[in-house]
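The values are calculated or read from the model by the stated rules, or taken from the named source; none is laboratory data. Quick caveat, the model's predicted, so the values are computed rather than measured. With ideal geometry, Cβ positions are generated from the backbone for all residues, glycine too; neighbour counts draw on all protein chains shown.
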Amino acid sequence: MTSIASITLEVADTTAAALFYSTAFGLDSSRLRLRACATPTSGFRGFTLSLVVPQPGNVDALIGAALDAGAVALKPASKSLWGYGGVVQAPDGTIWKIATSAKKHTGPVTRDFDELVLLIGVEDVKASKQFYVEQGLAVGKSFGGKYVEFAAGAGLVKLALYKRRALAKDAGVSADGTGSHRLVLSGDAGSFIDPDGFVWEATAPLTADA
């Protein structure tokens, strides 16, 4: 089954970004890589990253750690029909949603998370779904032309597709944006560019400075 092994964020300062992600979320280069980049970008970059956690307390702990490390709150954590969550923007500009479907605490509060999910905002969900199926990704969940989630093995990055404007609204930002996505996906599907301009590279081994 084709899957995403890791994602690479293109940032202005890799040292600062690495410190933020390790401090706020405990993320290392096994799934989140960083690459220096000065390619122009502005506004919404067309994607968000989500940490799916087991209980509300973990949401608060991760958001608190992110804010302490320099993130900006876009949506304060709150209850909704689907669960509990909030949205922050990292110092490098990447938007992160921290969420759980659980309504109550189930154990000691930690900063552990169950899944790392990449949500791509696309113009045509059905067309992008078909494109990715042709690349070898297996559909896990599908809700017509609104949302698609692809299957992912344990410890891998899960990919989901959502309408661009709906994704921006969910993140609490304007859908307007220009320039680079500042994101590269690595997996076993090879190298290609998807219909919305997101770049895939063949999975490369970690290097000492990755």
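If I ask for residues that are out of contact with any Lys or Arg (no Cβ under 8 Å at 6 or more places or on another chain) and of a type in the set (G, A, S), which ones from the stretch 120-139 would you list?
Our first condition is that a residue be out of contact with any Lys or Arg (no Cβ under 8 Å at 6 or more places or on another chain); within the stretch 120-139, this holds for 120, 124, 126-138.
A127, S128, G136, A138, listed by residue number.
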| request: For Y162, state whether it is aromatic (F, W, Y), over 22 Å from A90 (Cβ atoms) and under 17 Å from the mean Cα position of the chain (by Cα). | output: no
| Considering only residues of the stretch 172-199 that are part of a strand (DSSP E or B) and among the small types (G, A, S), which is surrounded by the fewest Cβ atoms within 10 Å (Cβ to Cβ)? | G179
| Complete set of residues in the stretch 21-58 that are more than 24 Å from Y84 (Cβ to Cβ) and among the β-branched types (V, I, T) | T39, T41
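To keep it simple, each residue is scored yes or no on (1) more than 19 Å from L9 (Cβ to Cβ); (2) in contact with a Phe, Trp or Tyr (Cβ under 8 Å, 6 or more places away or on another chain); (3) in contact (Cβ under 8 Å) with a residue 12 or more places away in the chain.
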residue: L167; (1), (2), (3): no, yes, yes
residue: V173; (1), (2), (3): no, yes, yes
residue: G177; (1), (2), (3): no, yes, yes
residue: S180; (1), (2), (3): no, no, yes
residue: L183; (1), (2), (3): no, yes, yes
residue: D188; (1), (2), (3): yes, no, yes
residue: F192; (1), (2), (3): yes, yes, yes
residue: P195; (1), (2), (3): yes, yes, yes
residue: E201; (1), (2), (3): no, no, yes
| request: Tell me, please, whether a residue that is modelled with pLDDT of 95 or more, among the β-branched types (V, I, T), under 22 Å from A152 (Cβ atoms) and buried (at least 17 other Cβ atoms within 10 Å of the Cβ) can be found in the stretch 63-81. | output: no
| query | Which of the residues that make up the stretch 6-40 are buried (at least 18 other Cβ atoms within 10 Å of the Cβ) and either at pLDDT below 90 or part of a strand (DSSP E or B) (or both)? | reply | S6, I7, T8, L9, E10, V11, L32, R33, L34
